Amino acid sequence: MMRYITQRLKRWVATGVVCLALGATTECFAATLYVATNGNDTAHDCWTNAFTNMQAALDAARPGDTVYVAGHTFNITNTQLSWTGVASSVTIRGGYEATNTVDMPGMRDSTRWSSIIRANGAIRVLLASSVTNGVLEEVTFTGGALSMASGNGRGAGLYASNCEGLVIARCTIVSNSTTDTSAAYGGGIYQGGG
């Protein structure tokens, strides 16, 4: 992780001088992050060095970053994924072949290389909270299962809470369920607030 931070800091300093001279905004400091189940979780700058879990990538992402997701199955247990407003204006793109090609990020076809996030257990797959202008493309959310009597059993696949400008494009949200006894809404997806 330290190597990743050092590399990112060096890039920010080098590009920051040019960006500030041109009056550019945070997009000038954007990073490209990779997530693959077979990555080695080091620099996160290509498929070989990719994060191995989605939550680590979401935690590292900052405004303007793009997260490329390999066409692999990412299993989560016990804890839902959490995408917060700290990572607003982040683009998450799935459906990549995920080979270490020269032309990164490489070939994309979500039919052939599905990026699947599967919940195992009684949890939600993804909570997007206070995200502004985020983009989520070609990712499958499955296996979310909530059974609560508290009014929180909504959006077992994806719950977008107080988000503005969140774009969900060509995603598959399938085989998720909620049985909230007070108000069961949105087994697959639910949007509240914002």
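Does the stretch 93-112 hold any residues that are open to solvent by 40 Å² or more (accessible area, probe 1.4 Å) and either in a strand (DSSP E or B) or among the aromatic types (Phe, Trp, Tyr) (or both), and which are they?
Of everything in the stretch 93-112, those that are open to solvent by 40 Å² or more (accessible area, probe 1.4 Å) and either in a strand (DSSP E or B) or among the aromatic types (Phe, Trp, Tyr) (or both) turn out to be ARG93, ARG108.
Select, from VAL125, VAL135, VAL131, the only residue that is of a type in the set (Val, Ile, Thr), within 23 Å of THR73 (Cβ to Cβ), open to solvent by less than 20 Å² (accessible area, probe 1.4 Å) and modelled with pLDDT of 95 or more.
So the residue among VAL125, VAL135, VAL131 that is of a type in the set (Val, Ile, Thr), within 23 Å of THR73 (Cβ to Cβ), open to solvent by less than 20 Å² (accessible area, probe 1.4 Å) and modelled with pLDDT of 95 or more is VAL125.
Would you please list the contacts, defined by Cβ atoms under 7 Å and residues six or more apart or on different chains, that run from a residue in the stretch 62-85 that is under 20 Å from ASP41 (Cα atoms) and open to solvent by 40 Å² or more (accessible area, probe 1.4 Å) to a residue that is among the charged types (D, E, K, R) and part of a strand (DSSP E or B)?
If the second residue must be among the charged types (D, E, K, R) and part of a strand (DSSP E or B), the pairs left are THR73/ARG118; ASN75/ARG118.
Can you name the number of the only condition in (1) at positive phi; (2) surrounded by fewer than 19 Cβ atoms within 10 Å (Cβ to Cβ); (3) outside any loop (DSSP other than H, G, I, E, B) that ARG118 fails?
(1)
The values are calculated or read from the model by the stated rules, or taken from the named source; none is laboratory data. Note that the coordinates shown come from a computational prediction; the quantities given were computed from them, not determined experimentally. Don't worry about glycine lacking a Cβ; one is built from the backbone with ideal geometry, like all the others, and counts go over all protein chains shown. Accessible surface areas use protein heavy atoms only, side chains included; no ligands, DNA or RNA. Shrake-Rupley method; radii C 1.70, N 1.55, O 1.52, S 1.80 Å.
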